[in-house]
1. Based on the alpha carbon coordinates of the stretch 71-188, what radius of gyration and maximum Cα-Cα distance (Dmax) apply, in Å?
2. Reachable aspartates and glutamates from Lys58, Cα under 14 Å, same-chain residues fewer than 8 places away excluded?
3. At 37 °C and 0.692 mPa s, grab the translational diffusion coefficient of the stretch 153-197 from Stokes-Einstein with a Kirkwood Rh over Cα pairs, rounded to a whole number in µm² per second.
4. What length, rounded to one decimal in nm, is gained on full extension from Asn157 through to Phe220, with 0.36 nm per residue of separation minus their alpha-carbon distance?
5. Go through Lys28/Lys56; Lys80/Lys132; Lys156/Lys203; Lys54/Lys196 and tell me which ones have a Cα-Cα distance over 22 Å in this structure.
6. With θ set to phi - 60° and the Karplus curve 6.51 cos²θ - 1.76 cosθ + 1.60, what are the ³J(HN,Hα) couplings of the stretch 105-116 in order, to the nearest whole Hz, using x for Gly and Pro?
7. Please compute the volume of the convex hull spanned by the alpha-carbon atoms of the stretch 105-158 and report it per residue in Å³.
8. R0 = 41 Å: FRET efficiency of Lys56 with Phe202, Cβ-based, nearest 0.05?
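Values in this text are rule-based calculations from the coordinates and carry no lab data. Here the structure is a predicted model, which means the values were calculated and not measured. Don't worry about glycine lacking a Cβ; one is built from the backbone with ideal geometry, like all the others, and counts go over all protein chains shown.
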Amino acid sequence: MKIIILVACVNLMAWQSFSQSVNWASLKSDNKHIVHVTTGFDYGLVYGLGYSHKIKSKMPILLDVSYSFPSGGQLLDDFKTKIGGQARLCNIRNFQFSASIHGIYRQHENTLVRMQNFGSEMTGVIGYYKPKWFVAGEVGFDKAIVTHFKHSENFKNDFPNTQDGWYEPSTGGNFHYGIQTGYSFKNSDLTLTIGKFNTQDFKTTPLIPYYFQLGYNYKFKQTKNK
């Protein structure tokens, strides 16, 4: 049973959605709202939508919410939602460092089991940023904290002692590391992220341990009431 849970968690964690790339150098003080649209390959074809709100502070800070889902016949079976924020912590001669932290709720369902998971994701990004372009490296960690299993009747018939409920496997985490780049024009950014991920024990990896993500950001100003 422990092996089944471990394999299921690895499959759940193999599908990730990574922090939206942001060109901090092109982000103007009045760009209060950013809409994100993404697509890419992450153990399958994945689509995503997101929104960021720039709060008023000396340090550039974005509050984020996003929703992503893999392609398939039943789109609502699998999904991932994130809420959190990211901030630019350091800026020295166009070299900038930012960090993000998000809470995660995701679901994965197949013919054997439905898994609902709460977790967290932390990412650090350092790179060279100009108003028209940027290139940066990223390192992050995605942790599955607790997972609820709801097994199918067919599964329970084969394994009568199976119990539904919450599990806290110690191996539910992935490191990811890669490169971000992008081009900015007017109120928009086109971004590309490529990278690789490993499980936290560095002993097991998915069949295809690489990912890439294409993104589009549209930035617009705070509207004022007359």
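1. Looking at the stretch 71-188, its Cα Rg and Dmax stand at 19.6, 64 Å.
2. Those aspartates and glutamates meeting the cut-off are Asp30.
3. 213
4. 17.2 nm
5. Over 22 Å Cα-Cα: Lys80/Lys132; Lys156/Lys203; Lys54/Lys196.
6. In residue order, the calculated couplings are 10, 9, 9, 9, 9, 9, 6, 9, 7, 10, 10, 10 Hz.
7. Dividing the Cα hull volume of the stretch 105-158 by its residues yields 116 Å³.
8. 0.45
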